[in-house]
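Here's the structure, in structure tokens; my notes come after.
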Amino acid sequence: KQWYQRRVRGNNLIYNYNMSPELLKFHLNSIHDTAHTPANMKLWKYSNTAKCLLCGWKNCNLKHILAGCRVALDGKRYNWRHDQVLRVICDTLLEQMKAKTSRPKKKNWVAFKSKEGKYDTPNREMEEERSPLDGAEDWILVHDEDEAKKGFPQHITNTPLRPDIVVFSDSQKTVYLIELTCGDESNFESQRARKETRYQQLLADISAAGWTAQLFTVEVGCRGLYHHTLPHLFNFFNIPRQRKKKALNEVAVIALRCSYTIWLSRDNRIWSSNYELVKRPEGSAD
């Protein structure tokens with residue numbers, strides 16, 4: 001199957017009124033593969049070559065420009081996009097962690113008037129939605145960026161691996177590993193399998209140290225689409241519905257804006273990673 005026939009979502013970006021006409025045009029062209037790439041220009045007989053202007057690859061299609069160019073990779077253009085999307089996810093999780101530090105008031109049942117004129121409510125207390133963050137107030141989030149590298153908490157276990165996000169509690173002896181991939185949508189499944197294999201030994205080492213560990217692989221596409229693993233992550237941490245919707249939309253827009261920036265520099269070897277579309281999250285452990 002093609003990538004657009006799989007479990008890929010885009011949260012109706014065409015209805016996002018904060019998008020510029022140029023960004024919307026790029027979004028639609030990227031989905032339908034109608035952008036003016038060297039490969040398409042040769043196909044449409046407007047050019048005699050389909051080579052990449054940066055690395056010289058013979059078939060420079062949109063997938064190559066946004067996720068496969070060696071010059072762009074070595075220049076850390078894709079790392080920059082990855083870290084901008086990572087910050088949005090970190091902000092969402094940190095906000096939820098701060099909300100859990102103060103226990104919400106218990107909800108009460110609505111009292112309905114019966115035929116006898118009495119106001120009756122159930123005897124049992126209303127059950128609140130449970131979150132994996134319940135039961136502890138010492139949760140710490142550590143996130144790793146290309147320009148701000150942070151290692152795995154070595155008191156849990158010794159490893160050179162650096163997951164993108166680590167959420168852990170010393171009192172609960174529980175750790176959640178979150179690994180983000182921000183690339184082409186056609187590679188979602190292979191990227192997920194590769195990350196799961198990569199961290200299999202680390203999960204075993206954490207368990208051997210007496211901790212409970214769980215890995216989440218999250219895939220976000222370069223065209224502003226995301227895999228179902230992203231909503232699954234937010235659902236696991238019990239992110240409120242409206243906040244989750246906002247975060248999913250922001251992730252999609254930021255990924256698309258970063259890809260559009262990479263697209264605009266497709267023939268320019270000069271690149272700077274100092275563009276900050278998203279501010280670095282506050283509250284993450286140093």
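The values are calculated or read from the model by the stated rules, or taken from the named source; none is laboratory data. Everything numeric here is computed off the predicted structure, so don't read it as measured data. Using ideal geometry, Cβ is built from the backbone for each residue, glycine included, and neighbour counts are taken over all protein chains shown. Please note that ligands, DNA and RNA were not included when accessible areas were found on the heavy atoms of the full protein model with its side chains. Shrake-Rupley method; radii C 1.70, N 1.55, O 1.52, S 1.80 Å.
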Conditions (1) open to solvent by less than 20 Å² (accessible area, probe 1.4 Å); (2) over 13 Å from the mean Cα position of the chain (by Cα); (3) not polar (S, T, N, Q); number of the one not met by Leu230:
(2)
Looking only at region 22-57, count how many residues are under 20 Å from Gly183 (Cβ atoms) and among the β-branched types (Val, Ile, Thr).
2
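For Thr197, state whether it is within 17 Å of Asp164 (Cα to Cα) and open to solvent by 50 Å² or more (accessible area, probe 1.4 Å).
yes
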Number of the condition not met by Ile270 [criteria: (1) of a type in the set (A, V, I, L, M, F, W, C); (2) surrounded by fewer than 16 Cβ atoms within 10 Å (Cβ to Cβ); (3) modelled with pLDDT of 95 or more]:
(3)
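Considering only residues that are under 16 Å from Asn238 (Cβ atoms) and open to solvent by less than 50 Å² (accessible area, probe 1.4 Å), look in region 75-99 and name the one that is farthest from the chain's Cα centre (by Cα).
Of region 75-99, the ones under 16 Å from Asn238 (Cβ atoms) are 89, 92-99.
Okay, now just the ones that are also open to solvent by less than 50 Å² (accessible area, probe 1.4 Å), so 89, 92-94, 96-97.
On the way: Ile89: 6, Thr92: 10, Leu93: 11, Leu94: 14, Gln96: 16, Met97: 17 Å.
If we take residues in region 75-99 being under 16 Å from Asn238 (Cβ atoms) and open to solvent by less than 50 Å² (accessible area, probe 1.4 Å), then Met97 is farthest from the chain's Cα centre (by Cα).
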Which one of Thr261, Thr217 is modelled with pLDDT of 95 or more, surrounded by fewer than 17 Cβ atoms within 10 Å (Cβ to Cβ) and either more than 17 Å from the chain's Cα centre (by Cα) or not in a helix (DSSP H, G or I) (or both)?
Thr261
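Can you tell me which residues in region 150-195 are within 20 Å of Leu86 (Cβ to Cβ), of a type in the set (A, V, I, L, M, F, W, C) and not in a loop (DSSP other than H, G, I, E, B)? Break it down stepwise before answering.
Filtering region 150-195 for residues within 20 Å of Leu86 (Cβ to Cβ) gives 150-153, 159-168, 175-185, 187-188, 191-192, 194-195.
Now restrict to residues that are of a type in the set (A, V, I, L, M, F, W, C): 152, 161, 165-168, 175, 177-178, 180, 182, 188.
Ile165, Val166, Val167, Phe168, Val175, Leu177, Ile178, Leu180, Cys182, Phe188, listed by residue number.
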Quick check: anything in region 224-233 at pLDDT below 95 and out of contact with any strand residue (DSSP E or B) (no Cβ under 9 Å at 6 or more places or on another chain)?
yes
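Pick out the one residue from Gly183, Gly210 that is at pLDDT 95 or above and among the small types (Gly, Ala, Ser). Reasoning before the result, please.
Values: Gly183 fails: at pLDDT 95 or above.
Being at pLDDT 95 or above and among the small types (Gly, Ala, Ser) holds for just one of Gly183, Gly210, which is Gly210.
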Condition met for Ser102 (in contact with a strand residue (DSSP E or B) (Cβ under 7 Å, 6 or more places away or on another chain), at pLDDT below 95 and of a type in the set (S, T, N, Q)):
no
